[in-house]
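Worksheet: one structure, shown below.
The values are calculated or read from the model by the stated rules, or taken from the named source; none is laboratory data. These numbers were taken from a predicted model, which means no experiment stands behind them. No Cβ is skipped: glycine too gets one built from the backbone with ideal geometry, and neighbour counts run over all protein chains shown.
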Amino acid sequence: MFYWFMKQVMVGPLLRLLYRPWTRGVDNVPDEGGAILASNHLAVIDSFILPLVLNRKVQFLGKSDYFTGKGVKGRLTAGFMRGVGTIPVDRAGGKASEAALNTGLRVLGDGELFGIYPEGTRSPDGRLYRGKTGVARLALESGAPVVPVAMIGTNIAQPIGKVIPKPMRIGIVIGEPLDFSRYKGMENDRFILRAVADEIMYAIMSLSGQEYVDIYAATAKARLAAGPAATTPPASPVAPGGRPVPDVQVPEPPQEDPAPSVD
């Protein structure tokens, strides 16, 4: 009920007004049953814009710090995060990945949508980075389909370091579900996990038109933070999994109807 209230009454109308999200492929999201929405990650606002265009609730993971703040601001932040479907998870320590996996399995087991960013963190420069294998393990253990998603333009609306995104049109392109049932029971094979993760990232790349960098986004961020001599990592000559680079461009919003002329 609180999720519906936040989406339909409080946050949703404002976000729709400011960012006028355009979509392609929304019908690719199953009407019922558990499914994994695997998206590129360009900005914090990604987790708020994607649920706007879907009729079903989407749950993402969020840092537990968002839910433990003190005072009025802390309570408001925690309430907002819960209202938009964010699940708190402790990312510190060696059990962070296990906690995230178990949470995802629970959400999917309940027949709900679980949103995940295979890159693990926001892209530092708008390009697509290597996917981590957690999304593959989640897909194989749950048996749920993976729906690839491309967020378009959120990094322009909200560059890293910018708290309040600027108003502009934002796009969401959703691809056909990927079925990995052929790998059932092979979730402990690291080669299979890498192949599945690469297939998911290739699907995202084919939707987003992003340039691909074959290192982890966290590694790229660490290199860029090393100092003024740091260089931007080069793009990969091939797509995820060594595939040929797909011949796609960054999707454009649909042409808006011109305003009626006044005689």
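The sole residue among P145, P167 that is in contact with an Asp or Glu (Cβ under 6 Å, 6 or more places away or on another chain) and of a type outside the set (G, A, S) is P145. Please count how many residues of the range 214-234 are in a loop (DSSP other than H, G, I, E, B) and either over 21 Å from the mean Cα position of the chain (by Cα) or more than 17 Å from E119 (Cβ to Cβ) (or both). Within the range 214-234, residues that are in a loop (DSSP other than H, G, I, E, B) and either over 21 Å from the mean Cα position of the chain (by Cα) or more than 17 Å from E119 (Cβ to Cβ) (or both) number 10.
Residues in the range 207-232 that are modelled with pLDDT under 95, crowded, with 19+ Cβ neighbours inside 10 Å and touching a helix residue (DSSP H, G or I) at 6+ places or on another chain (Cβ under 6 Å): there are none.
Selection of the range 181-206 for residues being within 19 Å of the chain's Cα centre (by Cα), of a type in the set (G, A, S) and surrounded by fewer than 22 Cβ atoms within 10 Å (Cβ to Cβ) yields only S206. Of the residues making up the range 237-256, those that are assigned to a loop (DSSP other than H, G, I, E, B) and under 30 Å from P21 (Cα atoms) number 13.
Exactly one residue out of P124, P118 is outside any helix (DSSP H, G or I), crowded, with 23+ Cβ neighbours inside 10 Å, out of contact with any Pro (no Cβ under 6 Å at 6 or more places or on another chain) and of a type outside the set (A, V, I, L, M, F, W, C), and it is P118. Scanning the range 28-52 for residues being touching a residue at least 60 places away in the same chain (Cβ under 8 Å) and surrounded by fewer than 18 Cβ atoms within 10 Å (Cβ to Cβ) gives a total of 5.
Find the helices (runs of 4 or more DSSP H) located wholly in the range 21-110 whose residues include 3 or more that are out of contact with any strand residue (DSSP E or B) (no Cβ under 8 Å at 6 or more places or on another chain), at pLDDT below 90 and of a type in the set (A, V, I, L, M, F, W, C), and list them.
Of the helices (runs of 4 or more DSSP H) lying wholly inside the range 21-110, those with at least 3 residues that are out of contact with any strand residue (DSSP E or B) (no Cβ under 8 Å at 6 or more places or on another chain), at pLDDT below 90 and of a type in the set (A, V, I, L, M, F, W, C) span 71-83.
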